[in-house]
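Accompanying notes for the structure given below.
The values are calculated or read from the model by the stated rules, or taken from the named source; none is laboratory data. Just so you know, these numbers come straight off a predicted model, no measurement behind them. Positions of Cβ are generated from backbone atoms using ideal geometry, with glycine treated the same way; all protein chains shown enter the neighbour counts. Note: accessible area is taken over every heavy atom of the protein model, side chains too, but ligands, DNA and RNA are not part of it. Shrake-Rupley method; radii C 1.70, N 1.55, O 1.52, S 1.80 Å.
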Amino acid sequence: MMSTDPDIPLDLHDIQGNIIKAYNREDYVTARYVLYQVTDGAKGREFLAELLPYVTTAAPWSRESAVRAGNPKPPVTLNIAFTHQGLEALELPAASLLTFPQEFVSGMVKRREILGDDGKSAPEHWDPVWLKPVHLLLWLNGPGRPNEHVLDEYHGMLVELAKKFAPGVECLSGHRGEDGAERDYQSGSALYDEDGNITAKEHFGYSDGISNPFFKGTGANPNNVIGGGKVTRESPDTVEGWEPLETGEFLLGYKDEAFEYPEAPLPPLLARNGTYLVFRKLHENVGSFESYLDETSKHFEGGKEALAAKFVGRWRNGAPLATHPTEEEANGLAARWNQAYVSMKKAEADHDDGAYATASNVYADVRKELVAFDYDQDLAGGRCPVGAHVRRVNPRGGLEFGRSGAFASRGALTNRRRILRRGLPYGICRDRSRDDGEHGNIVMMLVASIRRQFEFVQQQWMNYGNDFKLGNDKDPLLGNHSDDPDGIDGRMTIESTPGSGKPPFLCAGIPRFVETRGGAYFFVPSMTALRMISKALVDPT
Amino acid sequence: MPNEAGDAYGLTALCPIKIGDDQKCSFASLTRAYLQQMQETRADEDSPMASVPNTYLCRFFVLDNVNYQGKPAVLDSLKSPYLVFVAELHGDRDTYLEGMWKRAEPMIREVWKHCVGFGSVVTAEHFVNYIVRCQVETTLYFNGSTDDPLREQLKALYLQQEFSKFAFASTRKSAEDLQRDFRSFVARTRPHDVARPTWRAGASDLANVVVSGDESENS
């Protein structure tokens, strides 16, 4: 049944930009993540007040060629988030502090068992900065080559500004850099191909960040609901096959998928238009990944690329296995996608509005093919394995297991587990035969409930398999597989095509490809709440 | 239909606990303390209830009183605290309760000793009659079990786990090796022998999960 709610547009000027905008899609392909400790609440609030005019909001940017000046893109974006200890350091009233959800109060380190941050992912192996009293996260996103210096300049200004408030506000050092040195910031950058073109790849070679939730009120192109909304019982390649998710899954103060307001701190103005940010620095063991693929794919029909695709549910070029089961089909889609992107960017650079509009439509059509699918035609996993990464983290309608009507809606078990994904890769992998070095992903996940969305997906869907009828099997790529050679960890079953008479392909001894190197839980307040915090105006009584 | 789902039986009994005390502690608190120390001092597989045949799941707790649901609900109260015994089991109730008396009589005597009228329970038949008098209807079932006999379910779980280990360890073997190894797998796991080797009833620790050799057939 289609929603009959009125379409209420969000006040995008009041919402921090990165919640609505995926900056890397807007050409902000470099980033710096800076952490602060506040030991003097008054100075911390003054620092915040100084930063406020520079905070990037979610308001739409006018393109350069637009007649109206409107809201031009800033050279560098800035956003701010707080840990619970940070809010306490800024002297938020105790009556407010007590109203935050327990997992946010506890923080990521104390939730390690739930998250599976054990072995080499345990906090004692994290970058030292994350074990310090992290209060404030500032993140800057800027342009890529050849203008990376712009980000450097803005960061320099931030450093100068922060100095005015020391002692009392200290930038925390201890982000591990490439040379092993401890730095004052974590950097991030999109990866480039051999020709110097920006890619959407991460270090394992997969195109990342293709699909993100689509929710009410953002003003985004309604056609983008395809693949991003929640599944209906109509065809997944039509607009009717999807509905926007409720805003309250991603922003506090709005109706959520349970027809209520999400759990939120008091007073309501502190919470409204804010959300939670899960920050994870994830190292990628490229050497282990490549050698496991090389060795195991010797026995796999279709070879290395096909095996890599089975792990994730998408080919490394991004094409979904569910609709593009052969490498040839996948390559065709990827080529068209790339061509459409290049044409759109050229039209934009040429300030050719007509050509841009045409190219944008072509791009949107191709993009649709990347996201417009579900698993109803592939229940047995013959195309996309049931345990593949993308099928785990977003099962679409798959948890009905084909029993139409099993639940009140097809996505009943999925719609409250969706996650907005931001972030960028970090570092450069200089030797693909080795695991060491400084390279991985800065994963930023935005959710109205850390516990219900991020922690649930991490615990039940990445590090366990029961919901998929896969026993103890974990996500092949991101699971916290143990190093115990006799254990039952590190398994994946790659189902064969039903009726083919072929046995499934069994992957055993999968090592831990991804290790946690840091992270924390943050609250991302609205612009209103930032101002209230900076002026000590938060009053829960 | 209440209480029965195929060959699975859902048993819920509310046994009134005497109002009173031993001059230090109420009978309800004494009952709760006994239940809690059982949990504290034993591994799950050492629970007396793990030795009771065909127990899929069981639970004891003390119900002090019913919850007040808030206005406009009327405040209600039980006449006494209750010992609640919940079991989901295979087969028929009376056989199960007789088996429980046979395997766990000392525990039963301790758990129920403060319950009204339990003093006259001295035989299995008395115990069955006592529980039946206290029984209330069960309509919701533990969803993690089939309705097969427990021994068969435990053997099936054991075989499933062992077979998956075998399968993952055997992916690249030649046909000859695979056949040889499968024969030794069958010889070791004895798929047709429901008694052993198998999963230990009540086991929750993977390190101590398999019953092999001549251990007692306790399930």
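Can you tell me the Rg and Dmax of the stretch A:232-332, counting just the alpha carbons, in angstroms?
Looking at the stretch A:232-332, its Cα Rg and Dmax stand at 20.8, 60 Å.
Which whole-Hz couplings ³J(HN,Hα) result when phi for each residue of the stretch A:251-258 is put into the Karplus expression 6.51 cos²θ - 1.76 cosθ + 1.60, θ = phi - 60°, listed in order with x for Gly and Pro?
9, 6, x, 10, 4, 10, 5, 9
So if I take the centroid of the Cα atoms in the stretch B:48-121 and the same for the stretch A:57-135, what is the distance between those two points in Å?
What the calculation gives is 49 Å, centre to centre.
Not counting ligands, DNA or RNA, and with a 1.4 Å probe, what is residue A:170's accessible surface area in Å² rounded to the nearest 10?
60 Å²
On a 24 Å Cα-Cα criterion, which of the cross-link pairs A:110/A:230; A:201/A:230; A:310/A:502; A:120/B:155; A:73/A:255; A:120/A:474 come out too long?
Pairs exceeding 24 Å: A:110/A:230; A:201/A:230; A:120/B:155; A:73/A:255.
If r is the Cβ-Cβ distance from residue B:135 to residue A:298 and R0 is 60 Å, what FRET efficiency results, to the nearest 0.05?
0.45
In percent, what relative contact order does chain B have, based on Cα pairs under 8 Å that are 6 or more apart in sequence?
28 percent.
Within the set of other residues whose C-beta is less than 12 Å from the C-beta of residue B:18, count the net charge using Lys and Arg as +1 and Asp and Glu as -1.
Spelling it out: positives minus negatives among the neighbours equals 0.
Across all directions of projection, what mean area in square nanometres is found for the Cα convex hull of the stretch A:64-208?
13.5 nm²
Report P(r) for the stretch A:324-371: all Cα-Cα distances, bin width 10 Å, range 0 to the bin holding the largest distance, values in whole percent.
30, 44, 20, 5
Could you check the spin-label model distance between residue A:95 and residue A:39? Points 7 Å from the Cα along Cα→Cβ, value in nm.
3.2 nm
Whole number please: convex hull volume per residue of the Cα set in the stretch A:330-406, in Å³?
Spread over its residues, the Cα hull of the stretch A:330-406 gives 115 Å³ apiece.
Measuring from label point to label point, each 7 Å out along Cα→Cβ, what is the residue A:358 to residue B:186 span in nm?
Spacing of the two 7 Å Cα→Cβ label points: 7.0 nm.
Could you list which residues have their amide H under 5 Å from that of residue A:245, counting only those 5 or more apart in sequence or on another chain, with H placed in the peptide plane?
Amide H neighbours of residue A:245: A:214, A:215, A:216, A:230.
Normalised by the number of residues in the stretch B:150-211, what is the relative contact order in percent for Cα pairs under 8 Å and 6+ residues apart?
With pairs under 8 Å counted, the relative contact order is 44 percent.
Rounded to the nearest 500, what is the 222 nm mean residue ellipticity of chain A from helices alone, with -39500 (n - 2.57) per DSSP H run of 4+ residues and division by all residues?
-7000 deg cm²/dmol
Hey, what angle do you get for helix A:353-371 against the long axis of chain A, alpha-carbon based, 0 to 90 degrees rounded to 10?
For A:353-371 against chain A, the angle is about 60 degrees.
Mind listing the long-range amide H neighbours of residue B:57? Cut-off is under 5 Å, sequence gap 5 or more, other chains count too, H placed in the peptide plane at 1.01 Å from N.
B:88
Where Lys and Arg each count +1 and Asp and Glu each count -1, what net charge lies around residue A:18 among other residues with Cβ under 12 Å from its Cβ?
Once positives and negatives cancel, what remains is +3.
Which order do A:115, A:269, B:14 take by accessible area at a 1.4 Å probe, largest first?
A:269, B:14, A:115
Lys/Arg Cβ at +1, Asp/Glu Cβ at -1, dipole of the protein assembly as shown taken about the Cα centre: which of B:60, A:320, B:70 is farthest positive-ward?
Working it through, the farthest residue towards the positive pole turns out to be B:70.
So which trypsin sites (Lys or Arg not before Pro) in the stretch A:451-481 are both in a DSSP loop and have at most 16 other Cβ atoms within 10 Å of their Cβ?
A:469
Can you tell me the length gained on complete extension of the stretch residue A:46 to residue A:260, counting 0.36 nm per residue apart and subtracting the Cα distance?
Extending this stretch completely gives an extra 73.5 nm.
Translational D (Stokes-Einstein, µm²/s) of the stretch B:4-136 at 20 °C and 1.002 mPa s when Rh comes from the Kirkwood sum over C-alpha pairs?
My calculation gives 136 µm²/s for D.
Could you run the Karplus curve 6.51 cos²θ - 1.76 cosθ + 1.60 with θ = phi - 60° over the stretch A:103-111 and give me ³J(HN,Hα) per residue in whole Hz, x for Gly and Pro?
5, 5, 5, 5, x, 5, 4, 6, 9
If one takes the accessible area of chain A alone plus chain B alone and subtracts that of the pair, with a 1.4 Å probe, what total in Å², rounded to the nearest 100, results?
Chains A and B together bury approximately 700 Å².
Counting only protein chains, not ligands or nucleic acids, how are A:337, A:315 ordered by accessible area (probe 1.4 Å), most first?
A:337, A:315
So if I take the centroid of the Cα atoms in the stretch A:468-541 and the same for the stretch A:439-466, what is the distance between those two points in Å?
If we compute the Cα centre of each part, the gap is 5 Å.
With all distinct Cα pairs included, what does the Kirkwood hydrodynamic radius of the stretch A:22-108 come out to in Å, to one decimal, could you say?
Here the Kirkwood hydrodynamic radius works out to 15.7 Å.
Within the set of other residues whose C-beta is less than 11 Å from the C-beta of residue A:318, count the net charge using Lys and Arg as +1 and Asp and Glu as -1.
+2
Just the Kirkwood number for the stretch B:116-202, please: inverse of mean 1/r across all distinct Cα pairs, in Å, one decimal.
Across the stretch B:116-202, the inverse of the average 1/r is 16.9 Å.
As a test of reading the structure, rank A:384, A:429 by solvent-accessible area (1.4 Å probe, protein chains only), most first.
If we order A:384, A:429 from most to least accessible, we get A:429, A:384.
Have a look at the stretch B:147-196 and give its Rg and Dmax from the Cα atoms, expressed in angstrom.
Here Rg and the maximum Cα pair distance are 12.4, 39 Å.
Which value at 222 nm does chain B reach when only helices count, each DSSP H run of 4 or more adding -39,500 (n - 2.57), with the total divided by all residues and rounded to the nearest 500 deg cm²/dmol?
After summing the helix terms and dividing by residue count, I get -12500 deg cm²/dmol.
Tell me the label-point distance for the pair residue B:105, residue B:173, using the 7 Å Cα-to-Cβ offset, in nm and rounded to one decimal.
4.9 nm
Taking the Cα centre of the protein assembly as shown as the origin and placing charges on Cβ (Lys, Arg +1; Asp, Glu -1), which of A:382, B:83, A:16 is farthest toward the positive end of the dipole?
B:83
Over the Cα atoms of chain A, what Rg and Dmax result, in angstrom?
22.7, 71
So for chain A, averaging the separation of alpha carbon pairs under 8 Å that are six or more residues apart and normalising by length, what relative contact order in percent results?
Across chain A, relative contact order equals 22 percent.
Could you calculate the contour length gain from residue B:142 to residue B:95, that is, 0.36 nm times the residue separation minus the distance between their Cα atoms, to one decimal place in nm?
Extra length available between residue B:142 and residue B:95 comes to 14.9 nm.
For the stretch A:7-47, what size does the Cα cloud have along each of its three principal axes, sorted from largest down, in whole Å?
Answer, in whole Å and largest first: 42, 30, 11 Å.
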